[in-house]
Amino acid sequence: MKKIIFRKFLFDFLTFFTIALISSATVIWVFQAVNFLDIMIEDGRDYIVYIKYSLLNFPKIISRIFVFVLFFSLYYITIKYELNNELILFWNFGINKIQLINFVFKISILFVIFQLYLNSFVVPHSQNKAKSIIKGSEINFFDNFVKGQKFNDTIKGLTIYAEKKDENDELKNLYIKRELDKNEFQITYAKKGEFKLLGNIPILVLYNGATITSKNNNITNISFSKSDFSLANVKANSVTYIKTQEMYSSKLIRCIESIYKFKNKKIHLKAGVINGTDELKTLETTRPETMLGDIENCTLQNINNIFKEIYKRLIIPFYIPVLSIIALMLIIVSKENPNYQKWRLITFLTGFFIILFSETTTRLISKNVIENTLLFSIPLFLFIFLYIFLFYKFNIIKKNKL
């Protein structure tokens with residue numbers, strides 16, 4: 001009978017949690033997807049790119065709200081069981097409160113594993129995939145991204161400015177600058193312009209203007225009444241370097257190892273372990289990027305951000321058991337107690353504060369390993385404290401009843 005009761009509790013909890021997680025993530029995703037419309041409208045990309053890019057950001061949304069939704073779901077189900085007198089079934093069939101806490105703790109460990117997998121593998125992979133889609137996409141709607149009185153540099157190496165754009169999509173008083181090579185450029189002025197397709201090749205037809213070309217310190221000026229400005233084989237001016245949050249977890253760990261190997265080598269050199277001053281001088285003056293292997297964005301200057309990212313991915317999920325115990329603190333006070341409503345509020349605010357604390361402590365991450373280790377161990381200490389507190393609390397209550 002105990003197994004049936006626990007299964008019922010788990011089923012109700014998982015059902016509510018799944019519905020709450022998917023529905024809340026979908027709402028956030030819809031609002032975020034509206035902002036992503038700029039990818040298609042402003043930058044002139046295809047709607048397929050927009051859809052793929054938007055969908056690939058869904059795992060990130062799930063990971064960000066996962067902990068809060070889990071806490072709220074367990075909090076809600078516990079209250080529901082108490083108000084419907086379903087918790088009495090637990091106690092009547094010989095299930096004590098510590099057994100319920102132990103059961104929820106075991107389930108929370110599975111959620112920790114899932115969150116670790118989501119943060120460490122799924123989200124970085126989806127973010128990298130989203131960036132590769134933007135990098136590999138072509139600009140399809142050229143007439144969309146040029147706006148009146150606005151400089152546009154969506155196309156790599158090309159800046160376009162138009163004084164205004166009329167109702168017929170004709171551009172007035174255009175300025176176009178194309179970078180040809182290092183210190184070489186081409187500037188084109190035109191009184192009017194319009195986008196057209198020559199076969200499958202997009203072109204910008206310019207009227208009444210001039211082109212100034214600077215090449216090899218020579219400047220040429222050519223006037224024209226009509227000129228076709230080809231936009232074939234253009235590439236989007238998108239961000240190509242990998243951000244810290246897009247790095248794979250294995251690379252983050254390898255990066256930290258490389259950084260501390262670098263620091264240790266520098267310390268040994270200064271201590272005279274390795275003879276010779278030339279090597280020490282070289283080590284101190286060499287840029288960190290060249291000393292830390294082939295891991296992109298792995299530099300001494302970025303070590304704080306790397307620690308913060310590891311904290312978000314690998315440490316914050318361990319707050320799940322802590323929040324699970326906090327949600328079950330509701331069973332300390334029954335609904336017949338006049339302070340029950342107040343206790344519900346205190347329990348919710350405590351869990352909400354822990355969630356805020358887990359997120360805001362990222363600001364305390366530093367280069368100091370000892371300080372970071374203390375921050376990383378906070379969820380373990382909190383869990384031990386709460387478990388011991390509830391263990392003695394329920395034992396005292398049990399003894400008083402006897």
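The values are calculated or read from the model by the stated rules, or taken from the named source; none is laboratory data. The shown structure was predicted, so the numbers you read here are calculated from the model rather than taken from an experiment. Quick note on the areas: whole protein, heavy atoms, side chains included, nothing else; ligands and nucleic acids left out. Shrake-Rupley method; radii C 1.70, N 1.55, O 1.52, S 1.80 Å.
Per-residue SASA remark: residue 194, around 40 Å² accessible (1.4 Å probe; ligands, DNA and RNA not included).
Fully extending the segment from residue 345 to residue 14, taken as 0.36 nm per residue of separation minus the present Cα-Cα distance, adds 116.9 nm.
Surface composition of segment 13-129: carbon and sulfur make up 72 percent of the accessible area, probe 1.4 Å. Taking amide H as placed 1.01 Å from N in the peptide plane, the amide H of residue 192 sits under 5 Å from that of 173, 174, 207, each at least 5 places away or on another chain.
Ranked by solvent-accessible area (1.4 Å probe, protein heavy atoms only, all chains present), the residues 64, 7, 344, 313 order from largest to smallest as 7, 64, 344, 313. The residues of segment 1-104 present an accessible area of 51 Å² per residue when probed at 1.4 Å with all protein chains retained.
Across the protein chains, with a 1.4 Å probe defining accessible surface, the residues 75, 392 rank 392, 75 from largest area downward.
The 3J(HN,Hα) values that the Karplus relation (6.51, -1.76, 1.60; θ = phi - 60°) gives for segment 180-188 are, in residue order, 8, 6, 4, 6, 10, 8, 9, 10, 10 Hz. Gly and Pro appear as x.
At a 1.4 Å probe radius, carbon and sulfur cover how many percent of the accessible area of segment 313-379?
70 percent
Using protein chains only and a probe of 1.4 angstrom, how many square angstrom of residue 67 are accessible, to the nearest 10? Spelled out: residue 67, probe radius 1.4 Å, area about 10 Å².
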